[in-house]
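The values are calculated or read from the model by the stated rules, or taken from the named source; none is laboratory data. If you're wondering where the values come from, they're calculated on a predicted model, not measured in any experiment. Note: ideal-geometry Cβ built from the backbone for every residue, glycine included; neighbour counts use all protein chains shown. The accessibility values were calculated without ligands, DNA or RNA, using every heavy atom of the protein model including side chains. Shrake-Rupley method; radii C 1.70, N 1.55, O 1.52, S 1.80 Å.
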Amino acid sequence: EPDDPGRFALLECLDYPFYDTVDVDFYASAAMVELFPDLERRGIRDLLATVAGQDTTPVTIEASGLPRTRKEAFAVPHDVGGPDEDPFVRANRYRFQDVNGWIDLAPKLALQVWRDVVLLDDDALVAEARPVVEAALRRLAIQDTDGDGLPDHGGLPDQTYDTWPMHGPSAYGGLLWLGALRAAEELARRDGDGTAADVWATAYRRGRDAFEQKLWREGTDGYYAYDGGGAVSSDSVMADMLAGQWYADLSGLGDLVDPVRIRRALRTIHARNVVDFGDGLLGAVNGMHPDGTVDTSSEQSQEVWTGTSYGLAAFMLGRGLADEAWETAGGVVNTVWQ
């Protein structure tokens, strides 16, 4: 059709050859929205079309060797497929971990949808996406095992940091969840459903209270803890802890948690994950202990990820921390390009 841009998808990388991986497209799709908006409009709809379906094919999870179902109904997929199969038809080519229980995929879908509605002025997307987004979030809500309003991680790497386990509620997963609840509220309001919007708003306030109570760590440098589970990384300062708030900022959802604490946490991330790591010349390391030592508990906790460092820098810039932002981004530029 003349107005159909065709199907397009980003391949994550050579060693993860999967199309439009939801967890990292959350970061990479910023370029699509700005430079190729028609492709983003089509891409978000292609992703939404994969959510409701299921694929009962048994797969062996590479990290554990356990058998699992390839794709459960209304579990947001990790990807829309791989080049060696039938992308857009067979989702979840990735099988290193069991993604059916990942904490971050449904929230990232909700936030990407709301961002596209706002930044692409795509009101038609509201009615198309809302039933899928709401079903995916209701499914994820079941993973709130203690009833505090936050999904609980299972002591597994059940999110995009797929070798770095999380236990109980986490700053990363929890703030994405709060952002997704706000996105669901705004989608419902724009769709004229005030009753549903109020339900999502109530869920958001409940989760926010638990998030502040369970994860904020007071001290000279305040921050939200990696997780609330009492494990080896639980006290770590995660560079990406505020990703949900970054998306809330760019799509007009407002402060998800205390704005004073947000600013303090950003300064702590800069001090610990940027300055204390490589003298600020290497970008933001994913995990640091409060004492300024690198979290070496997993492969990924001691890595710098280009996309998350750039996202963090953009967030800092938007919050008025210009010097911290450019130092963070500059370290990645120095490392990758110079």
Could you tell me whether the stretch 231-243 includes any residue that is closer than 27 Å to Asp323 by Cα and touching a Lys or Arg at 6+ places or on another chain (Cβ under 6 Å)?
yes
For the stretch 50-79, name all the residues that are surrounded by fewer than 14 Cβ atoms within 10 Å (Cβ to Cβ) and acidic (Asp, Glu).
Glu62
Does Val336 qualify as being open to solvent by 60 Å² or more (accessible area, probe 1.4 Å) and either of a type in the set (Val, Ile, Thr) or closer than 19 Å to Leu266 by Cβ (or both)?
yes
Within the stretch 17-46, can you find the residues that are outside any helix (DSSP H, G or I) and within 18 Å of the chain's Cα centre (by Cα)?
Phe18, Tyr19, Asp20, Thr21
For the stretch 112-143, how many residues are within 30 Å of Ala63 (Cα to Cα) and touching a Ser or Thr at 6+ places or on another chain (Cβ under 7 Å)?
1
Could you say whether any residue in the stretch 52-64 is closer than 26 Å to Met241 by Cα, assigned to a loop (DSSP other than H, G, I, E, B), of a type outside the set (Ser, Thr, Tyr) and in contact (Cβ under 8 Å) with a residue 40 or more places away in the chain?
yes
Can you work out which of the residues in the stretch 182-197 that are at negative phi, small (Gly, Ala, Ser) and over 18 Å from the mean Cα position of the chain (by Cα) is surrounded by the fewest Cβ atoms within 10 Å (Cβ to Cβ)?
Gly194
State whether one or more residues within the stretch 163-181 are in contact (Cβ under 8 Å) with a residue 24 or more places away in the chain, closer than 25 Å to Gly252 by Cα, touching a Leu at 6+ places or on another chain (Cβ under 9 Å) and open to solvent by 20 Å² or more (accessible area, probe 1.4 Å).
no
Residue pairs qualifying under the 7 Å Cβ cut-off, at least six apart or on distinct chains, with the first in the stretch 306-318 being free of Cβ contacts under 8 Å to residues at least 60 places away in the same chain and the second being surrounded by fewer than 20 Cβ atoms within 10 Å (Cβ to Cβ), are Thr306/Val336
Would you point out the residue of the stretch 210-248, among those that are under 11 Å from Tyr172 (Cα atoms) and of a type in the set (D, E, K, R), that is farthest from the chain's Cα centre (by Cα)?
Asp227
